[in-house]
1. Between VAL207 and SER56, how many nm apart are label points set 7 Å from Cα along the C-beta direction?
2. Run the numbers for GLU115 and ARG37: contour at 0.36 nm per residue of separation, minus the present Cα-Cα distance, in nm.
3. Can you tell me the order of 111-117, 46-52 when each peptide is scored by its average per-residue count of other Cβ atoms within 10 angstrom, highest first?
4. Rounded to the nearest 0.05, what FRET efficiency do THR155 and ALA107 give with R0 = 30 Å and r taken as the Cβ-Cβ distance? Could you check?
5. Do any of LYS39/LYS106; LYS39/LYS127; LYS39/LYS132 go past 22 Å between their Cα atoms, and which?
6. If Lys and Arg each add +1 and Asp and Glu each add -1, what is the summed charge of the other residues whose beta carbon sits under 11 Å from the beta carbon of LYS127?
Amino acid sequence: MNGGTVDEVEIPGEPTLTRSMVPSVLVRLPVEAGTHRSKNIVSGLLLVFLGAPSLSLAILLAPAAFGAALGNQHFIASIPMWLFLLFISVAMTGVALTCIADAVRKASVLILDAEGFTDARSGAHVKWPEIKRATLLFTRSGIGSVDLHLRQATTAWQNPFRIGVLGFRSRPKPDHLIVSVAFLDVRPHVLAFTILALTRRHGGEAVTKTSFVDLGLSPITPSSL
């Protein structure tokens, strides 16, 4: 295999603010990533703080919304506002609880090796040949996760409130799995491109550009695998 041994994989280097063209790097396997405790704790507490007003307003508007639902026309405008506040408060609470739960995990949660990967957060254990397509998913801050299109259905549980998953999939797909690479103690770029490179190495497709955003990351070429 060009560019590495059985226990290594070559991936594009990570661009910086001052350097858009950087050399490729070798990643030694296995890669074991744990949770980034400080990021998860700070984000969890911040979301609890920000979500409290929305939850309080949703509780205050609940009587008016139920009154409108029962036919009181004076409160009909309160229904969409109540639904919006309820959605925001539930989403923030779900993300906050997920961040706090991840923060207390002590063992590695994402392990990538030459055979496949294990995600302790979802209970997924996938071999690289089982992946048909791996697609980068971007958040405002950069790479947030990798969307895997599997060759068969998976029973792994997908937490919709995890950073990197939230906003990308409102309902689960049996043959898809989103692997979040955000808020871990290994760089998201390294984790995401290692998944893509190993998927490509075992016959799958690696997609580095979505239909709505392109961060200018160098694509994986056959010569790098």
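1. Label-label distance for VAL207 and SER56, simple model: 4.4 nm.
2. Additional length available on full extension: 25.3 nm.
3. Put in order of decreasing packing, that is 111-117, 46-52.
4. 0.90
5. LYS39/LYS127; LYS39/LYS132
6. It works out to a net charge of -2.
Every read-out reported here was derived from the displayed coordinates using simple, explicitly stated rules and does not represent laboratory data. Predicted model, so just to flag it, every value in this text is computed and none were measured. Ideal geometry is used to build each Cβ from the backbone, glycine not excepted, and the neighbour counts take in all protein chains shown.
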